[in-house]
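The values are calculated or read from the model by the stated rules, or taken from the named source; none is laboratory data. From a predicted model like this one, the values you see are computed outputs, not experimental measurements. FYI the Cβ positions are ideal-geometry reconstructions off the backbone, even for glycines, and counts take in every protein chain you see.
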Amino acid sequence: MMKLHIAYLACATAVIGVGLGAAPPAAADHQTTRVVFPGESIQAAVDAAHPGDTVLLTPGTYRQSVTVTTPDLTLRGMGRSTVLKPATTKATESCGEGGNGICVVGKEDKDIKGVTVASLTVTGFAKAGVLSVRTDGLTVQNVTAVKNAVWGIAQERSVRSVFRKNTARDNGDAGLFLANTIKADEGAADTGGTVIERNLLEGNRVGLTVRRLRNLTVAHNQVIGNCAGIFVVGDENKPKAGALTVRDNRVARNNKSCPKTPRLEALQGSGIVLTGAEDTLVTRNRVTDNAGPSSLSGGIVLFKSFVGATSERNRITGNVLKDNAPADLVNTDTGEGNTFQGNSCRASKPAGLC
């Protein structure tokens, strides 16, 4: 066992050196890497850590959940072979009790700043693989979130986040779900420039849901084989969702069939959907082979929200669309100022948008 631990520690040291770079001399005295092995408590290591520390999880399966409340902490695995699954006994801490794998949680009067979650797998949780609430500058990178019952990776009441190079596959609702609040009925919140980029979102009910948010970028993602690809969702609250950019994404074959829910009709064949949103730029996306019978089906769809809020002043420009049904571009919204320009497509509803 001692030889095994030494081997893992040597491997861990190599990863730290490659992934994080050499620490400046001044920082080296104050930052600690705490190495955790399967069978040990991640929560104990996180609770013992200080701002700037790294908790490094070696490969293996961890049957536990963990809550991070320390700012500037890095929780890092060693790739997909570092796996978090639900505990085999009843969870006693709040994150696990809520059905989540990793929770990053700030306080009502103070966001938790600078946390990083990276290079691990979260799977099989009853709610979300990773859930963050009241964070500032959170980074979630190279995380694989698979077969969680609701969301792969979810966030609310947070600003300046980066979600990069994650894989969210076969989750019950959205692979990535970002909202102002999950439960409360409020106007859209300004994210301060959150970035969602280069993620693979596959086989979920919805690849990405952005709900009641403003000022963020969705770019260079692969959104494939979900029931619906990308949803930008608003409602009658003020301010509206929008003032964001959806660009350079590949959105293809989102043709799984998902039954209706209390909030939403049955889904199939939706590429990019804007509903109740304003001032959103949708540009340079490649949207192909999304087809279905839903009122939300089609390549790029503008749709009045289910509570009657219209979409206004959205710009759909420079996209490449092919073989979407009932059409490449669909506009059933009655809002004003929406424009369709310079798109490469064959069919639209109504005619004349291509």
*Among the residues of the stretch 67-99, which ones are among the aliphatic types (A, V, I, L, M) and either in a loop (DSSP other than H, G, I, E, B) or touching an Asp or Glu at 6+ places or on another chain (Cβ under 8 Å) (or both)?*
L73, M78, A87, A91
*Among the residues of the stretch 69-101 satisfying the criterion of being modelled with pLDDT of 95 or more, among the β-branched types (V, I, T) and within 17 Å of F125 (Cα to Cα), which is surrounded by the fewest Cβ atoms within 10 Å (Cβ to Cβ)?*
V83
*Residue that is farthest from L201 (Cα to Cα), among those in the stretch 240-273 that are assigned to a loop (DSSP other than H, G, I, E, B) and among the aliphatic types (A, V, I, L, M)*: A243
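Let's see how each residue does on (1) within 17 Å of F177 (Cα to Cα); (2) buried (at least 24 other Cβ atoms within 10 Å of the Cβ); (3) not acidic (D, E):
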position	(1), (2), (3)
E202	yes, no, no
V206	yes, yes, yes
L213	yes, yes, yes
N221	yes, yes, yes
A228	yes, yes, yes
N237	no, no, yes
T245	yes, no, yes
N255	no, no, yes
T261	yes, no, yes
*Test N237 against the stated conditions and say whether it is farther than 16 Å from V140 by Cβ and part of a loop (DSSP other than H, G, I, E, B).*
yes
*Do we find that G129 is touching a residue at least 24 places away in the same chain (Cβ under 8 Å), touching an Asp or Glu at 6+ places or on another chain (Cβ under 9 Å), outside any loop (DSSP other than H, G, I, E, B) and surrounded by 24 or more Cβ atoms within 10 Å (Cβ to Cβ) in this structure?*
no
*asked:* Looking at A44, A14 in this structure, which one is at pLDDT below 90 and either hydrophobic (A, V, I, L, M, F, W, C) or not in a loop (DSSP other than H, G, I, E, B) (or both)?
replied: A14
*If T92 satisfies every condition in (1) polar (S, T, N, Q); (2) touching a strand residue (DSSP E or B) at 6+ places or on another chain (Cβ under 8 Å); (3) farther than 27 Å from D190 by Cβ but one, which is the exception?*
(2)
*Those residues that are in contact with an Asp or Glu (Cβ under 8 Å, 6 or more places away or on another chain) and among the acidic types (D, E), I need them from the stretch 100-112; list them, please.*
D111
_Among (1) among the charged types (D, E, K, R); (2) assigned to a loop (DSSP other than H, G, I, E, B); (3) within 16 Å of the chain's Cα centre (by Cα), there is one condition R214 misses while meeting the rest; what is its number?_
(2)
*For V307, state whether it is crowded, with 24+ Cβ neighbours inside 10 Å and at negative phi.*
no
*Quick one: in the stretch 156-174, which of the residues that are touching a Lys or Arg at 6+ places or on another chain (Cβ under 9 Å) and hydroxyl-bearing (S, T, Y) is farthest from V117 (Cα to Cα)?*
S158
*Taking D185 and the conditions (1) surrounded by fewer than 17 Cβ atoms within 10 Å (Cβ to Cβ); (2) touching a Gly at 6+ places or on another chain (Cβ under 6 Å); (3) charged (D, E, K, R), which numbered condition does it fall short on, given that it satisfies the others?*
(2)
_Residues within the stretch 317-354 that are touching a Leu at 6+ places or on another chain (Cβ under 9 Å), crowded, with 16+ Cβ neighbours inside 10 Å, modelled with pLDDT of 95 or more and in a loop (DSSP other than H, G, I, E, B), tallied_ = 8
*Could you grab me the full set of residues in the stretch 190-200 that are over 16 Å from A174 (Cα atoms), surrounded by 20 or more Cβ atoms within 10 Å (Cβ to Cβ) and aliphatic (A, V, I, L, M)?*
none
*asked:* I'm checking my understanding of the structure. Among residues of the stretch 250-286 that are within 22 Å of R212 (Cα to Cα) and of a type in the set (K, R), which one is modelled with the lowest pLDDT?
replied: R263
